[in-house]
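Only one structure is covered here, and it is reproduced in the block below.
Just so it is clear, none of the values below were taken in a lab; they were calculated from the coordinates. In this text the structure is predicted, and so the values were computed from the model without any measurement. Ideal geometry is used to build each Cβ from the backbone, glycine not excepted, and the neighbour counts take in all protein chains shown.
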Amino acid sequence: MRQVMSEDDLARITTRIAHEIVERNHGVDSVLLLGIPTRGKPIADRIAAALSDIAGSQVVAGSLDIGLYRDDLDTRPRTRIGPTDIPAPIDGANIVLVDDVLYTGRTIRAALDALADLGRPATVQLAVIVDRGHRQLPIRPDFVGKNLPTSVEEHVSVHVEPVDDDTGVWIGGADG
Amino acid sequence: MNHLLSTEDVDRETLEQLLSDADGFSEVLSRPIPKVPALRGKTVATMFFEPSTRTRMSFEKAAKALSADTVSFSPGTSSLSKGESLKDTVLTVRAMGVDLMVVRHKSTGAPWRIAEWLDIPIVNGGDGAHQHPTQALLDCLTIKQRFGTLDGLRIAIVGDIRHSRVARSDIFAMTTLGATVVLVAPPTLLPVDAEDWPVEVADDLDDVVPSVDVVYLLRVQTERGGASVFPSLSEYARRFGMNSARFDRLQDHAVVLHPGPMNRGVEIGYDVADDERSLILAQVTNGVAARMAVLFRLLGGEHDA
C-alpha cells in the first residue's frame, strides 16, 4: 500500500470543502451534512466542525445508511445495517452527502433512493474525499478532495479516526 | 445461519448481530415511510397450520416493510382439509415461487421436517410446546433497549414452563446473552428436563421478586390444558400472578414482560399491565423489527456456507 494523502492533507481538504459548501449555499443555515457509514460519518463530522468554525454557529452531521437500498444485496456478502440518524428535517434542506471514495456511483444512487423515502430536500450535493473514476451511473460529485486516477484492479483505502487507527489515504494493487 | 428453527443452536455473536440489525429496523419503522426496498422481489409464505393472528400479522408486516411479497396459508381453507399431506402442501407452495417459509405447527419438530424437504430458509413461527425463536428475539430486544445489555441481568420466567415454547426459546436466548434465568412455577408446570437447562428453579414467586431485573409472565394457556394442571385460576393468580402488591416489591428499575394475549387478573394484575414498567406493547412493536432482522439475515445477501 502506497500512501497518497496524509492526515494533514485530509485536514486541509475538509477545511477547503467546508469553505466551498458555504460558498455554494450562501451560508450554512439550511445545510445538513449526512455521512454514509462507515467512513462518511467521521468525515462529515470533520467537515461539520470546519463549517461551525467558519460560520460561527453549530453545524451537526447525521448519518444515512444505504445498506437496505443496495442493488446488489443478492450477490454480496451479508450487509450489516449501519446507523441512520437524521438530526434535522430533510424537507427543504440543502443536503450534502459525504462519503470517502466515489467509484461506481452505486452507493450514491442508493443514498438518493434512501433520501427520497425520508423527505424532499431542496437540493442534494455530494462531497467525497477521493474520486477514483470508473462511474457506472450518471453521478458526479460537487465537492472533491482529490481526483485520483486508478485502474479497476487497484484498491483505494481511506482511513479516518476513530473508525480506523490512523488517518490518511492509501492506494494498493490487486494483491493488496 | 440458513434457517431459524430454535434459539438453542444460535451462538451469541449471531444473536447480538440480529439484535443490532433489529435496532436498525426499529429506526426504519419510525420513519414517515416505514419501508425499505431490501427484499424487493422476494416472496415470504406464512404457513400457519395452527391458528394465530398476531404472529402472522407481525411476520407479514415485517416482510412488507422490507418490500417482500407475502402469501399466506390457513389450514381451514386449504387442501389440508381435503387430506393433502404436510409434505405435499409445502412442496406445492414452494413450487409457486416462494423464497422463505414461516411455519407454525402444533407438532414439535414440524419446521425441521419441512427444512429437510425444501431448499429454502425456514423460520419456526412456533412448534407445539417446543420453540418460538422470534418471540425470544423480540423479548431480548425489548430488554436490551431498556437495560443496554442482557449480560448480568436476573430474569424470572413465571408460570406454565412445561407447555411454553416461549419459555424454552427465551431460556436459551437469554442465557446465551449472559443473563441468569430463574424459573418460577408449581412443580406440575415444570418440564421433566428442566434440571438439564442452564437455569435456577424456584417455586415461590415472593422469594424471587425482590432480586430480579425482569419478570417474564407466561400466559395461562387454557387451550393447552392449563386449567387441569393446577386447582383453579384464582389459586394460580394468588401464588404466581403479578398483582399490585408483588409489583410494588420489585426493584425500582425492574420491568414486566408478557408474550400476550394477557389474561388480566390471572397471571398479571389489571393495573400492572398498564404500568409504564410493563413493556408489553413495546414487545409487540419490537416483534416487527426483530422479524425483519431474521428475514433480512436469511434472504439478504449470500447464504452462509
Check: C-alpha center region A:92-154 vs C-alpha center region B:107-162, spacing in Å is 41
Measuring from its Cα centre, chain B shows a charge dipole (+1 at each Lys and Arg Cβ, -1 at each Asp and Glu Cβ) which, in debye to the nearest 20, is 1180
Here region B:278-294 yields Karplus 3J(HN,Hα) values (6.51, -1.76, 1.60; θ = phi - 60°; whole Hz; Gly and Pro given as x) of 9, 9, 5, 6, 4, 4, 5, 4, 5, x, 5, 5, 5, 6, 4, 4, 5
Least to most buried among A:Phe143, B:Phe59, by other C-beta atoms within 10 Å and fewest first, runs A:Phe143, B:Phe59
In units of 2.2 N^0.38 Å, the Cα radius of gyration of region A:1-101 is 1.18
Taking the dipole of region B:133-279 about the Cα centre (Lys, Arg +1; Asp, Glu -1; charges at Cβ), the one of B:Ala245, B:Leu189, B:Asn263 that reaches farthest to the positive side is B:Asn263
With label points set 7 Å from each Cα along the Cα-to-Cβ direction at B:Thr108 and B:Asp275, the distance between them in nm comes to 3.4
Dividing the helical contributions, -39500 (n - 2.57) per DSSP H run of n ≥ 4, by the residues of the protein assembly as shown yields a 222 nm value, nearest 500 deg cm²/dmol, of -10500 deg cm²/dmol
In nm, the gap between the two label points placed 7 Å beyond Cα toward Cβ at B:Thr53 and A:Ala116 is 3.8
In debye to the nearest 20, the charge dipole size for region B:133-279, taken about the Cα centre with +1 at each Lys and Arg Cβ and -1 at each Asp and Glu Cβ, equals 340
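Rg/Rh for region B:133-279: what does it come to with C-alpha atoms and Rh from Kirkwood? All intermediate terms of the calculation are to be shown ahead of the outcome.
On the way: Rg = 13.8 Å, Rh = 15.0 Å.
Taking Rg over the Kirkwood Rh, I get 0.92.
Could you sort the peptides B:116-123, A:34-41 by per-residue average Cβ neighbour count (10 Å cutoff), highest mean leading? List each step's numbers first, then the result.
On the way: B:116-123: 17.0, A:34-41: 24.6.
Result, highest mean first: A:34-41, B:116-123.
I'm checking a number: the convex hull volume of the Cα atoms of the protein assembly as shown, normalised per residue, in Å³. What is it? Before the final figure, lay out the partial values.
Values: hull volume 83.9 nm³, N = 481.
Expressed per residue, the convex hull around the Cα atoms of the protein assembly as shown is 174 Å³.
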Exposure-ranked with fewest Cβ neighbours within 10 Å first, B:Met96, A:Met5, B:Met292, B:Met57 stand as B:Met96, B:Met57, A:Met5, B:Met292
Here the whole-number average of other chain Cβ atoms within 10 Å per Cβ of B:27-40 is 4
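Give me A:Asp113, B:Asp21, B:Asp160 sorted ascending by neighbouring Cβ count inside 10 Å, so fewest comes first. Kindly include the intermediate steps, with their values, before the conclusion.
Numbers: A:Asp113 16, B:Asp21 23, B:Asp160 26.
Going from least to most buried by this count: A:Asp113, B:Asp21, B:Asp160.
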Which residues qualify? For B:Thr70, with a placed amide H closer than 5 Å and at least 5 residues away or on another chain, they are B:Val44
Among B:Gln17, B:Phe49, B:Pro198, the residue whose Cα sits farthest towards the positive end of the charge dipole of chain B (+1 at Cβ of Lys and Arg, -1 at Cβ of Asp and Glu, taken about the Cα centre) is B:Phe49
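How far, in nm, would the chain grow between B:Asp9 and B:Arg249 when pulled straight, counting 0.36 nm per residue and subtracting the alpha carbon separation?
Value of the extension gain: 82.8 nm.
Compute the signed sum of charges (Lys and Arg +1, Asp and Glu -1) over the other residues within less than 9 Å, Cβ to Cβ, of B:Ala68.
+1
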Taking every residue of B:10-21, the Cβ atoms of other protein chains inside 10 Å of its Cβ average out to 1
The simple spin-label model distance between B:Glu195 and A:Asp164, using points 7 Å out along Cα→Cβ, in nm, is 5.8
Quick calc, A:His134 & A:Ser52: beta-carbon distance into FRET formula, R0 25 Å, rounding 0.05, result 0.15
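So if I place +1 on the C-beta of Lys and Arg and -1 on the C-beta of Asp and Glu, and nothing else carries charge, what would the dipole magnitude of chain A be about its Cα centre? I want it in debye, nearest 20.
Details: 18 positive and 27 negative charges, 81 e Å.
Charge dipole of chain A: 380 debye, to the nearest 20.
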Within the protein assembly as shown, pairs of Lys residues whose Cα atoms are less than 22 angstrom apart, provided they are eight or more positions apart or on distinct chains, add up to 7
